[in-house]
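A.B. asks: This is the structure, below, for whatever I ask next.
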Amino acid sequence: MSNNSVGLSPVLPLNSFGNVLMFLFSIVLAAAITFLNISVFLSIMMNKSLRSENRFMYMLSTSFSDICSGVSYYYVGVLDVRDSYDSPKRTFYIAPTFLGLSYMAILAAQSDRYHAVTAPFKYSQRMTRNRTLLVILFYWVYAFAIVAVNNLVSMGIAKQVTGIGTFVGNIFTVIIMIGLNIRLFFIAKFQLEREPPSVERENKRSSVYLIIVVAVFFLAAWLPIFIHIICCNFIGSTCYSFRNEGTDPLRILPRLNAVLTPLLYIRGCASLRATLFTKVWKPCCRRRY
């Protein structure tokens, strides 16, 4: 059996300065995704008041899926692995599913904030904490049900199902994300200007602006690969092929988004930031020194 089929080595041979830089970049990217999302995850878990708000449940889901995505990137991004249907080193569609779960969590959070702003009274009655958790549980179960289906059917059918689902999903995502964000921004701006200055008003403002900023970076990171997939589906081609996810710029962008999202959460949410510094990072530094 050839070394190429079973051996694991860096995706690019470390025989040039550029290849070494690429290898280090992949290592640092995987570490940054994992570290930042673990920090946000622990901060929410350690603060009961944060866990009582629906928006932080979506942050918790996003962080957990991105932790798994960061850990899996050590394999699919750093090593010479092609995570495709016919590869002997594939992850059976599990590694890209974690990235997809982060994608679904941001979409769900976007819809949740839109509902909360446009119909605040109905939202408080409809979207209880338990119902929010059911929504999160639903898309996690759905994602891994698709994984199970893809691993049970033949390769040809799996490619067709994934191709059609991805194509349709990408079109709806672009339309919904752009449309909802534009409308959410103007509705929130109009409503907040009518309210008297208060702590609650500032919390609403930061919540809405945070989800809009996260969505903008989300679109910037995901739109290139969305457009690429849509175009390739139209012409019936794979368009191009890179060695693995760590050498494909269009697939690196969503991983960069997994670094930016927790940074935006920390920057845009004072209560999360305070918990992070006082209950997560500060105790860790004390134990170390």
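A.B. asks: Based on other C-beta atoms within 10 Å, arrange Glu202, Glu53 from fewest to most.
C.D. replies: Numbers: Glu202 12, Glu53 16.
Least crowded to most crowded, the residues run Glu202, Glu53.
A.B. asks: Quick one: among Val214, Val135, Val259, which has the greatest mean-square fluctuation in a GNM of the chain with alpha-carbon springs under 10 angstrom?
C.D. replies: Residue with maximal mean-square fluctuation among Val214, Val135, Val259: Val135.
A.B. asks: Next up: Starting with the highest mean, order 137-148, 88-99 by the number of other Cβ atoms within 10 Å, averaged over the residues of each peptide.
C.D. replies: 88-99, 137-148
A.B. asks: Under 26 Å between C-alpha atoms is the cut-off here; go through the chain and count lysine pairs that meet it, provided they're at least eight residues apart or on different chains.
C.D. replies: Value for the chain: 9.
A.B. asks: Where is the GNM fluctuation largest for the chain (alpha-carbon springs, 10 angstrom cutoff): Arg255, Arg194, Arg126?
C.D. replies: Arg194
A.B. asks: Take the chain, connect every pair of alpha-carbon atoms lying under 10 Å apart with a spring to form a Gaussian network, then pick out the residue of Asn170, Asn151, Asn15 with the largest mean-square fluctuation.
C.D. replies: Among Asn170, Asn151, Asn15, the largest GNM mean-square fluctuation belongs to Asn15.
A.B. asks: Rounded to the nearest 20 debye, what is the charge dipole size of region 14-288 about its Cα centre when +1 sits on each Lys and Arg Cβ and -1 on each Asp and Glu Cβ?
C.D. replies: It comes to approximately 940 debye.
A.B. asks: Moving to a separate point now. List every DSSP H helix in the chain whose Cα atoms extend 30 Å or more along the helix's own long axis and whose mean Kyte-Doolittle hydropathy is at least 1.6.
C.D. replies: TM-like helix candidates: 17-45.
A.B. asks: Pairs of alpha-carbon atoms within less than 8 angstrom and 6+ residues apart define the contacts here; what relative contact order does region 1-155 have, in percent? Kindly include the intermediate steps, with their values, before the conclusion.
C.D. replies: On the way: 147 pairs, mean separation 38.4, N = 155.
Result for region 1-155 is 25 percent.
A.B. asks: Related question: Using the charge dipole of the chain (Lys, Arg: +1 at Cβ; Asp, Glu: -1 at Cβ; taken about the Cα centre), state which of Ser63, Leu250, Phe226 has its Cα farthest towards the positive end.
C.D. replies: With unit charges placed on the Cβ atoms, the residue in question is Ser63.
We did not get these values from a lab; they are worked out from the coordinates using the rules stated. Keep in mind it's a predicted model, so treat the numbers as computed, not measured. A quick note on method: Cβ atoms are made from the backbone with ideal geometry, for glycine too, and the neighbour counts reach across all protein chains shown.
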